[in-house]
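Participant: Below are the structure tokens for one structure; questions will follow.
The values are calculated or read from the model by the stated rules, or taken from the named source; none is laboratory data. Just so it is clear, the structure is predicted and the values come from calculations on it, not from any experiment. Cβ coordinates were reconstructed from backbone atoms using ideal geometry, including for glycine residues, and neighbour counts include every protein chain displayed.
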Amino acid sequence: MTILTSVASLEIDELTKTYGRTKALDGVSFSAGRGVIGLLGPNGAGKTTLLRMVATVLAPDSGSLRLLGLDPADPAQRIDIRRRLGYLPQSPGLYAGFTPFDLVDYVAVLKEHTDRDWRRDETRRVLESVGLADVMHQKIRRLSGGMKQRVALAAAMVGSPDLLVLDEPANGLDPDQRLQLRSLLSQSSTVLMSTHNISEVGALCQSVYVMFSGRVRFAGTPAELAGLAAGRVWEDDSQDPRAIRSWMTATGAFRHLGEPPAGAQVVDPTLDDGYLFLARQEHR
Ligand SMILES: Nc1ncnc2c1ncn2[C@@H]1O[C@H](COP(=O)(O)OP(=O)(O)OP(=O)(O)O)[C@@H](O)[C@H]1O
Ligand SMILES: [Mg+2]
């Protein structure tokens, strides 16, 4: 399914990438416009591989991309894309001897922001927006894990890029900072982000793609993902062996996924239910 949008920020056509015998991407296509786009899928599904291509770090073996209307395979257009792109890798390598201020300022230099005063103000702005005002002049090696993640986020966001590519951005963030991240991202223009946190997708994303084994198996809205499990979730005091999946909830009841038996207490599906239903079909 294609999500129709007025101007496509991302047009991705039949991307493939093979590492040895592993097909990391096996014909991935989609197009998306402005807004926050979520990428879900199990470990090894190909999310990071896809995000690295959108970040122009990795070229596909075959297939094509258009990012902000430009072609990253063309060196001149690739430079134009990079000027307008912010990227948070899954494991950002930060210079531990730098301060957050120096690091974000350095990234701004790489993005060809030559006005020193503008850079200073912008560096402060993004570091304040991720709650690092107090530590911006301390060495990065002295910061906590979640703070380091926020330094990397600030570096991705410097200059308010038109396209933000974020690989598990909420990784290691405390609940307060997760909320803060949500409001930051909802103000950005186009964001493509991977996450293992399904509730993040429900709270933030206008569209969601679910990948399994290098392919996109679902494209739609978060509500449509939850809707996959409509009429297929029921709760009971005891475990039902007829369910294809069942798990105990916080209240001690059992939640079941599958074809509900007659008289079952069918409940509204959540995003998790939709995702689990999809994953189950994938592994049948
Ligand atoms: N540089 C590489 N060399 C060899 N294999 C790789 C390389 N990068 C990725 N792969 C393989 O490609 C597949 C997809 O990996 P990828 O990192 O894109 O998954 P992912 O969806 O991001 O997973 P995770 O949720 O664990 O981050 C995996 O089988 C992985 O082992
Ligand atoms: Mg990954």
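Participant: Looking at the structure I just gave you, is P269 part of a loop (DSSP other than H, G, I, E, B) and either in contact with a strand residue (DSSP E or B) (Cβ under 6 Å, 6 or more places away or on another chain) or buried (at least 16 other Cβ atoms within 10 Å of the Cβ) (or both)?
Facilitator: Numbers: part of a loop (DSSP other than H, G, I, E, B): yes; either in contact with a strand residue (DSSP E or B) (Cβ under 6 Å, 6 or more places away or on another chain) or buried (at least 16 other Cβ atoms within 10 Å of the Cβ) (or both): yes.
Here the answer is yes, as P269 does meet what is asked.
Participant: Then there's this: What single numbered condition from (1) touching a residue at least 12 places away in the same chain (Cβ under 8 Å); (2) within 30 Å of K23 (Cα to Cα) fails to hold for R124?
Facilitator: Only one criterion in (1) touching a residue at least 12 places away in the same chain (Cβ under 8 Å); (2) within 30 Å of K23 (Cα to Cα) is unmet by R124, namely (2).
Participant: Filter the stretch 109-123 down to the residues that are hydrophobic (A, V, I, L, M, F, W, C) and modelled with pLDDT under 95, then identify the one that is farthest from D134 (Cα to Cα).
Facilitator: Going through the stretch 109-123, the residues hydrophobic (A, V, I, L, M, F, W, C) turn out to be 109-110, 118.
Next, only the ones that are modelled with pLDDT under 95 stay: 109-110.
Details: V109: 23, L110: 25 Å.
Checking each candidate, the answer is L110.
Participant: OK, next. Can you give me the ranges of the strands (runs of 3 or more DSSP E) entirely in the stretch 141-255 with at least 1 residues that are assigned by TED's automatic domain parsing to the domain that holds K23 and buried (at least 17 other Cβ atoms within 10 Å of the Cβ)?
Facilitator: Working: elements: 163-167, 190-194, 207-212, 215-220, 233-236, 245-248.
In the stretch 141-255, the matching strands (runs of 3 or more DSSP E) lie at 163-167, 190-194, 207-212, 215-220.
Participant: To continue, here is another question. Of the numbered conditions (1) in contact with a strand residue (DSSP E or B) (Cβ under 7 Å, 6 or more places away or on another chain); (2) small (G, A, S); (3) within 8 Å of ligand 1 (Cβ to nearest atom); (4) within 24 Å of S199 (Cα to Cα), G44 satisfies every one except a single condition; which is it?
Facilitator: Every condition holds for G44 apart from (1).
Participant: Under the condition of being within 15 Å of P260 (Cβ to Cβ) and of a type in the set (S, T, N, Q), which residue from the stretch 203-240 is farthest from the chain's Cα centre (by Cα)?
Facilitator: That would be S238.
Participant: Let me ask something else. Hey, L58 hits all of (1) within 16 Å of ligand 2 (Cβ to nearest atom); (2) crowded, with 21+ Cβ neighbours inside 10 Å; (3) not in a strand (DSSP E or B); (4) not polar (S, T, N, Q) but one; which does it fall short on?
Facilitator: All conditions pass for L58, except number (2).
Participant: Name the single residue, out of those in the stretch 5-55 being within 16 Å of ligand 2 (Cβ to nearest atom) and β-branched (V, I, T), that is nearest to L65 (Cα to Cα).
Facilitator: Looking at the filtered set, the residue picked out is V54.
Participant: Name, by its number, the condition in (1) buried (at least 19 other Cβ atoms within 10 Å of the Cβ); (2) modelled with pLDDT of 95 or more that does not hold for S9.
Facilitator: The number of the failed condition is (2).
Participant: Test D174 against the stated conditions and say whether it is in contact with a strand residue (DSSP E or B) (Cβ under 8 Å, 6 or more places away or on another chain), charged (D, E, K, R) and away from ligand 1 (no atom under 16 Å from the Cβ). Don't jump to the end; show me each part of the working.
Facilitator: Numbers: in contact with a strand residue (DSSP E or B) (Cβ under 8 Å, 6 or more places away or on another chain): no; charged (D, E, K, R): yes; away from ligand 1 (no atom under 16 Å from the Cβ): yes.
No.
Participant: Could you please tell me which pairs satisfy a Cβ distance under 6 Å, a separation of 6+ or placement on different chains, a first residue in the stretch 80-102 that is more than 15 Å from G159 (Cα to Cα), and a second residue that is within 16 Å of ligand 2 (Cβ to nearest atom) and of a type outside the set (S, T, N, Q)?
Facilitator: Hits for this filter: P89/D167; Q90/D167; Q90/E168; P92/A152.
Participant: Please go through (1) surrounded by fewer than 19 Cβ atoms within 10 Å (Cβ to Cβ); (2) over 19 Å from L166 (Cβ atoms); (3) touching a residue at least 40 places away in the same chain (Cβ under 8 Å); (4) among the basic types (K, R) for R34 and return the number of the only condition it doesn't satisfy.
Facilitator: Answer for R34: the failing condition is (2).
This table checks each residue for (1) within 16 Å of ligand 1 (Cβ to nearest atom); (2) more than 24 Å from S188 (Cα to Cα).
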| position | (1), (2) |
| --- | --- |
| A24 | yes, yes |
| A32 | no, no |
| V54 | yes, no |
| D61 | yes, yes |
| R66 | no, no |
| L70 | no, no |
| D74 | no, yes |
| D80 | no, no |
| R84 | no, no |
